[in-house]
Amino acid sequence: MLYDNYAMLTKRELLIRIVKLLKEGNLVDGVKYIPVEMRPRDDKNISCCVHKDRYIIRHKIISILGFDIKNDEDIDLMSLSDYAQRSLDNKNTKEDILSVVHESCNACMKSQYFITNMCRGCEGRPCMMNCPKSAISFKGGKACISQDDCVSCGLCAQVCPYHAIVYTPVPCEEACPVKAISKQPDGTEHIDKSKCIYCGKCMQACPYGAIMERSKIIDVHKALTDPNKKITAIVAPAINGQFDATPGQILAAIKKIGFDDVVEVALGAEDTSRNEAAELVERLESGQPFMTTSCCPAYVGWVDKHAPALKPFVSHTYSPMVYAAKRVKAKDPNMEVVFIGPCLAKRNEADFVPEVDYVMSFEELGAFMIAYDVDVNSCGEQELDAEVTKFSRGYAMAGGVRNAIVNAVGDGYKTMNIEGLDKKNAALLKAMVNRPAAQFIEVMACEGGCVNGPCSLAPLTLAKRQMKKAMER
Amino acid sequence: MGKIEVKICMGTMCYVMGGAELKAVVDTLPPEIRDRVEISYSPCLGTCNNGGEPPYVKINDRLVARVSKTSLLQIIKEELYNAV
Ligand code: FES
């Protein structure tokens, strides 16, 4: 995980500035100053010069406004103000959930083993002797790797007595658990939608912040301020790890932004637990050996695209987001619903859920709170829905769904939970089809669960601590 | 020997712009330093108005901008060094 990095803060600053402009009703004019204000002419360039820095900021703004950043010609011909106007006119129809800001990408070398000038050209030359592909030769007294022959086994780096050989990774490719992101001939990265599960790992890993997610803040803001519209925020249970406050305080703070109502997604988790528990019992009785959860959309996407054999074993119960949204719409069909969470894959899930109108991240929520001058600790307490139990708020942490199901069906079943979809866990899961290790398996794509989602504000250690505190209150 | 006061801003602006990280800093303080600092968390220090350079931390009434986990430790050490 890459916390404490400036690229992440750049994105947050952009979100804050844009929401502030929206609030002031000054987006169209104000947006054009952002690149200059954020990248002033001083000697602190990040890339080659201030112009490129500003150009990158510009691309990121266009992405946040809800446009594709692939169409290079348009991007240079249209002003930021034009983009802002089009966005306000509902023409921000970007579909891709993740896109690569090509201007800031392409700085990475192709991943490879690389001989540094610490190489002393020793007589032993274990690198050369141990290379299974004879890819290493010596030129001018220094080792040299033929990239055409190298298979990246890494033996040379292990045996070099001078640690002169380094591996230069491409962070996004390294982070992607399903090999969905790779270099195009021009050096920039491309995301293969047929493989991507929207776990958000690449976005977090990129040290340039070059991977941007689709944003709906313009639309949410419009719904918030339109007198003819009503909008309810449904907030993922992971929110309780994001701030040092009680669940009631957090809900009150979100409401103060201007939502007509704020509902805990944990309320929907009550429905999920109930139905999923019943489904589990039914499936086991009918002879199926095991069932996995379905609330993590990155996991469900992974099954769809990479482990279809598991598909019959994934629960059909809706996720808490869906139940929560259904409850809101059942009460008032004209109410718009925005899901607010730490998750990137929910943006994809929601595309197929008619009850959810928009998805917003915790980072974006933070930007709204700042622009609307909302402090979590000073907005009072919203009364909590008595139906929500601590088991439902616990969905946000790895093991939480399992706890909720055990609570519902009793502990007569063998259960387990898997967090993270790294190689080891992926293999483990695929093996379940033949040798199930438990009857109920909770799967979350993020290590630690949703509290560690790619769009969170608080680092995991803090989020866990705050989450536990909130659940005890 | 007096303790130095470290007031970490937990206002929304600072919190979102990296202050959440600072909250974890208490855990990483070496015990000999831990005993000599008084850490507190404060609502918005009132400095972030137009953006500025959050997150802010106040060390004995001195305001420091753009603090990170590592720089906070550095600043605390310097302040302790100057105090003797
Ligand atoms: S939030 Fe820290 S100074 Fe305002």
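The values are calculated or read from the model by the stated rules, or taken from the named source; none is laboratory data. Model, not experiment: these values are computed from the prediction. Here the Cβ is made from the backbone with ideal geometry for all residues, glycine too, and neighbour counts use every protein chain on show. Note: areas computed on protein heavy atoms with side chains; ligands, DNA, RNA excluded. Shrake-Rupley method; radii C 1.70, N 1.55, O 1.52, S 1.80 Å.
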Fill in the blank from the handout: Per the helix-only model, chain A has a calculated mean residue ellipticity at 222 nm (DSSP H runs of ≥4, -39500 (n - 2.57) each, divided over all residues, rounded to the nearest 500) of -11500 deg cm²/dmol
Handout entry: Protein-protein interface of region A:411-460, residues with accessible area decrease of at least 30 Å², isolated chain reference, 1.4 Å probe
Key = A:457, A:459
Completion exercise
Treating only Lys and Arg (+1) and Asp and Glu (-1) as charged, each at its beta carbon, one finds that region A:219-472 has a dipole about its Cα centre, in Debye to the nearest 20, of 800
Practice task
Would you tally the net charge around residue A:170, using a Cβ to Cβ cut-off of less than 9 Å, leaving residue A:170 out, and scoring K and R as +1, D and E as -1?
Solution key: -1
Problem - Accessible area (Å², per residue) of chain A, counting only protein heavy atoms and a probe of 1.4 Å - result: 44
Practice task
Return the Cα extents of region A:219-472 along principal axes one, two and three, sorted largest first, each rounded to a whole Å.
Solution key: 55, 37, 33
Problem - Rh (Kirkwood; distinct C-alpha pairs) - the protein assembly as shown, Å - result: 25.5
Completion exercise
Applied in sequence order to region A:397-405, the curve 6.51 cos²θ - 1.76 cosθ + 1.60 (Karplus, θ = phi - 60°) yields integer Hz couplings, x standing for Gly and Pro, of 10, 3, x, x, 5, 4, 4, 5, 5
Exercise for the section: Partner chain Cβ atoms within 10 Å, averaged over the residues of A:39-52 - can you pull that number for me? Expected result: 0
Practice task
Could you work out the mean count of beta carbons from other protein chains within 10 Å of each residue's beta carbon in B:19-26?
Solution key: 5
Practice task
Report ³J(HN,Hα) in whole Hz for each residue of region A:424-434, in order, from the Karplus equation J = 6.51 cos²θ - 1.76 cosθ + 1.60 where θ = phi - 60°; Gly and Pro get x.
Solution key: 4, 5, 4, 5, 4, 5, 4, 6, 4, 4, 8
Fill in the blank from the handout: Scaled by the rule-of-thumb 2.2 N^0.38 Å, the alpha carbon Rg for region A:112-168 gives a ratio of 0.95
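Taking each residue in A:364-376, count the Cβ atoms of any other chain within 10 Å of its Cβ, then average. What number comes out?
3
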Handout entry: Distant-in-sequence amide H partners of residue B:42 (H built 1.01 Å from N, under 5 Å)
Key = B:8, B:9, B:10
Practice task
Using amide H atoms built 1.01 Å from N in the peptide plane, name the residues 5+ places from residue A:143, or on other chains, whose amide H lies under 5 Å from its own.
Solution key: A:121
Problem - Around residue A:85: net Lys/Arg minus Asp/Glu count, Cβ-Cβ under 11 Å - result: -1
Exercise for the section: Find the centroid of the Cα atoms in region B:1-27 and in region A:373-407, then give the distance between the two in whole Å. Expected result: 26
Fill in the blank from the handout: With every protein chain kept in place and a 1.4 Å probe, region B:4-83 has an accessible area per residue in Å² of 48
Exercise for the section: Work out from phi, with θ = phi - 60° and the Karplus expression 6.51 cos²θ - 1.76 cosθ + 1.60, the ³J(HN,Hα) of each residue of region A:121-134, listed in order in whole Hz, and give x for Gly and Pro. Expected result: x, 4, 6, x, 6, x, 4, 5, 5, 8, 5, x, 10, 6
Handout entry: region A:20-165, dipole about Cα centre (Lys/Arg Cβ +1, Asp/Glu Cβ -1), debye to the nearest 20
Key = 620
Exercise for the section: Return the residues of region B:49-75 for which accessible area with all protein chains present is lower than in the chain on its own by 30 Å² or more; set the probe to 1.4 Å and exclude ligands, DNA and RNA. Expected result: B:66
Problem - Net charge of Cβ neighbours under 13 Å - reference residue A:420; Lys, Arg +1; Asp, Glu -1 - result: -1
Practice task
Quote the accessible area belonging to residue B:41 in square angstrom, nearest 10, computed with a 1.4 Å probe and with ligands, DNA and RNA left uncounted.
Solution key: 100
Practice task
Any chance you could tell me what percent of the C-alpha pair distances in region A:22-112 go past 18 Å?
Solution key: 49
Exercise for the section: Can you find, among A:396, A:93, A:137, the residue farthest towards the positive end of the dipole of the protein assembly as shown? Put +1 on the C-beta of Lys and Arg, -1 on that of Asp and Glu. Expected result: A:137
Handout entry: Dipole axis of chain A (+1 Lys, Arg; -1 Asp, Glu on Cβ), positive-most option in A:280, A:63, A:310
Key = A:310
Completion exercise
Here, region B:4-83 modelled as identical Cα point scatterers in vacuum has Debye log10 I(q)/I(0) at q = 0.11, 0.14, 0.25 Å⁻¹ of -0.24, -0.39, -1.22
Fill in the blank from the handout: Residues whose modelled amide H sits under 5 Å from the amide H of residue A:443, counting only those 5 or more places away in sequence or on another chain, are A:293, A:418
Handout entry: Protein accessible area in chain B, 1.4 Å probe - carbon and sulfur %
Key = 48
Exercise for the section: Leaving ligands, DNA and RNA out of it, report the carbon-plus-sulfur percent of the accessible area of region A:112-168 at a 1.4 Å probe. Expected result: 52
Handout entry: Protein accessible surface hidden between A and B, which excludes ligands and nucleic acids, total in Å², probe 1.4 Å
Key = 1700
Problem - Of all DSSP beta bridges in the protein assembly as shown, antiparallel share, percent nearest 5 - result: 40
